[in-house]
Amino acid sequence: MKKGSGIRNNITAAVSYGSFNTLQSDVSGAYRNKKSGLTFRGSAFQAYTDNNYKIWGRFVRLEMPNGRMEPIETRRFNDAFRTFGGRFEIGFTDVKWADNAMLGYNGSDAYNEIQHGQYMTRPYKGRFTESQAHVFSLNYAKRDLFTKGLQLTFNGVYSDRDQYVQDTVTYNYTWLGELHRGLRFNNDGSVDTVPTRSPFGAQQGTPTMANINRKIINLRSNLNYDITPNHRLVFNHVFYTVDREDTDALRTVLDMSYRATNDLNKHVFSFAHEMNAFDQRLKTNLFGKFYQQQIDRINPYQATVNGVSTRVIDTIRNTKTTTGFGLAVSYAITPTIILIGSGERAVRMPAEGEIFGGPAENVTANPALRPEISDNLNLGVRLGTFNINRHHLSVGFSGFVRNTKDQIMQRTDDRLNEATQTSPFVNLGKAQAIGFEAEMNYVYHQKLNFNFNISKFNSLFKMRETVHYNKQVPNLPFFTMNGTAQYHIDHVLQQKSRLNLYYNFGYVDSFNITWDEVPYSRTPTQFIQDFGASYMFPNSRFLVSVDVKNFTNRAAFDNFAVQKPGRAFYLKLNYTINHF
């Protein structure tokens, strides 16, 4: 094998099983012919889980027939997930005409039950989504193309993706997985309890058997040129287009004739100059970016023209352009004291799912979304690595200010008792975040490694004309800490074996999930701990690992207070063949 190819001839297989009937397996392999450079890479995977973990606390409540809400402890019951797929690549690596030239195919199939909407207000039963994807790719990279110092990388992807969403169950359910019952007052004065139905006809709105087909092209090109050893020019272009068609088998023929189609095209051009000076002590990166995004929406509707009901096609073309730019600088006062700073006008263009919606993700459409523009300033210092005998320590600290216009976020609903939990992405307006980040890494004798990081900021809404002025933006954890400790012991039970031990913790301070600042709208403080061990056998082929996630069984939540799994156990076996 040629030096620098980065490909080892190997086959690796792994399987794991754990809590909630979770089974995952994968196999991968790579082969490269030393003489011709012909290279094969392939992998296949499978995963399944019932995902029926316990949930409890202030966001899980049992709705009684009289409307009273009572906290309960129960299990999720409509949240199973399964997927399988594979990837195959063939091409050449480290040959005269290319460092990397590969053709690839990636296919996958997935089934996912949908337990609830944006929040955990009311559980769903019978709502699910299926998806299939066929992805074809071309990758090419070449250093010193035509002339020394010129490097080209290209990645082209064509995807044909289908997603099916079914929601036809008309009854409401409780978190016990049972039909919800309400009170019925009879004419004779008696009271019965009867199953209740969704006011819209299904678990999340009107009944649907929807299919979304997306044909996506994504092309990325990057060209670097080293003018001198200390000066580099970088040009990058991204082209992205999606042709999306939505259909619904439950809509009438007449309704289908008024179906809207949605297309999105995006270009991103960027140019940068990278410089090293003063014996590599000063490094700068000056860059600029140009964004163009176009939305084409064909929306048929019925209108009366000259007294006749007529099908009219309304074509909307919305083109948005904007620019971003910035400068990043680092200066090494000494090899162990480095000052860093950057200023940037950052741009985030809205994504296709944010614009046109995603029913499986509980997102409704908002074609009027504008780009998010943020003026960012970062200042910091990196100290280390300091080496004292067998001790090695490095630390870093940075502070930042971010002034954001038209921040893109999923709309927050203060009415947590609403049965239908879908919302669009919206432009928030003006927001300002001021905060800091810090990190420490400690290594002892190449056996013990400890890493710790902390992040804290205030993200405040800055629209004076609103009632939420100067309030913390909800759904954003603003104070987090994470730590990881790893320790390995050699020659345990057998010579040339290795036992690895690890411990992780994550802390998330309480944060609001709605604008309404009341105790019920705040998540509890989260402190999640994991630990595990792995044992590598002497031949370095067979690895056994055991993981215990959230071993104290503390409640954990995402940004919308959806509860994550509690305590879970996993066993994983991994086998590798490297010599063939």
Problem - Surface/4 of the Cα convex hull for the range 10-140, nm² - result: 10.8
Handout entry: Separation in nanometres of the label points that stand 7 Å from Cα toward Cβ, at residue 450 and residue 313
Key = 6.8
Problem - Centroid-to-centroid separation of the range 400-471 and the range 17-50 [C-alpha atoms, Å] - result: 36
Problem - Amide proton proximity set for residue 75, modelled H, under 5 Å, gap of 5+ - result: 55
Problem - Distance in nm between pseudo-label sites at residue 509 and residue 387 (7 Å out along the Cβ direction from Cα) - result: 3.8
Handout entry: Globularity ratio of the range 481-544, using Cα Rg and 2.2 N^0.38 Å
Key = 1.85
Fill in the blank from the handout: Under 13 Å by backbone N from the virtual spin label 7 Å along Cα-to-Cβ at residue 490, the residues of the range 432-447 are 445-447
Exercise for the section: Using the structure shown, list the pairs from 456/564; 125/572; 447/549; 549/572; 266/289 with a Cα-Cα distance above 25 Å, or answer none. Expected result: 125/572
Exercise for the section: Output the peptides 288-297, 331-340 sorted from most to least packed, where packing is the average of other Cβ atoms within 10 Å over each peptide's residues. Expected result: 288-297, 331-340
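Counting alpha carbon pairs within less than 8 Å and at least 6 residues apart, what relative contact order, in whole percent, applies to the range 439-580?
16
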Handout entry: the range 444-450 - phi-based ³J(HN,Hα) in whole Hz, Karplus 6.51/-1.76/1.60, Gly and Pro as x
Key = 10, 6, 6, 10, 9, 10, 10
Exercise for the section: With label points built 7 Å along Cα→Cβ from the Cα atoms of residue 518 and residue 544, find their separation and express it in nm. Expected result: 5.4
Handout entry: Net length gained if the chain between residue 56 and residue 271 were fully extended (0.36 nm per residue, minus Cα distance)
Key = 72.3 nm
Fill in the blank from the handout: With +1 at each Lys and Arg Cβ and -1 at each Asp and Glu Cβ, the charge dipole magnitude of the chain around its Cα centre, to the nearest 20 debye, comes out at 1700
Exercise for the section: Largest first and in whole Å, give the semi-axes of the range 448-555's equivalent ellipsoid, each being the square root of 5 times a Cα gyration tensor eigenvalue. Expected result: 44, 13, 9
Exercise for the section: Starting from the amide H of residue 124, placed 1.01 Å from N in the peptide plane, find each other amide H under 5 Å away whose residue is 5 or more places distant or on another chain. Expected result: 116
Completion exercise
Hits in the range 80-103: amide N under 11 Å from the 7 Å Cα→Cβ extension of residue 36, namely 91-92
Problem - Charge-dipole axis of the range 104-179 as Lys and Arg at +1 and Asp and Glu at -1 on Cβ define it, positive-most pick from 153, 163, 118 - result: 153
Exercise for the section: Divide the volume of the convex hull of the Cα atoms of the chain by its number of residues and quote the answer in cubic angstrom per residue. Expected result: 217
Handout entry: Nearby lysines by direct alpha-carbon distance to residue 35 (threshold 20 angstrom, same-chain neighbours under 8 apart not counted)
Key = 2, 3, 96, 142
Exercise for the section: At a Cα cut-off below 13 Å, give the aspartates and glutamates reachable from residue 462, other chains included and same-chain residues fewer than 8 away excluded. Expected result: 406
Fill in the blank from the handout: From the Cα centre of the range 504-571 to that of the range 183-207, the distance in Å is 39
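Here, each number is a calculation from the coordinates, and none is a lab measurement. Since the model is a prediction, treat every value here as computed from it, not as a measurement. When we count neighbours, we look across all protein chains shown, and the Cβ atoms used for this are built from the backbone with ideal geometry, even at glycine.
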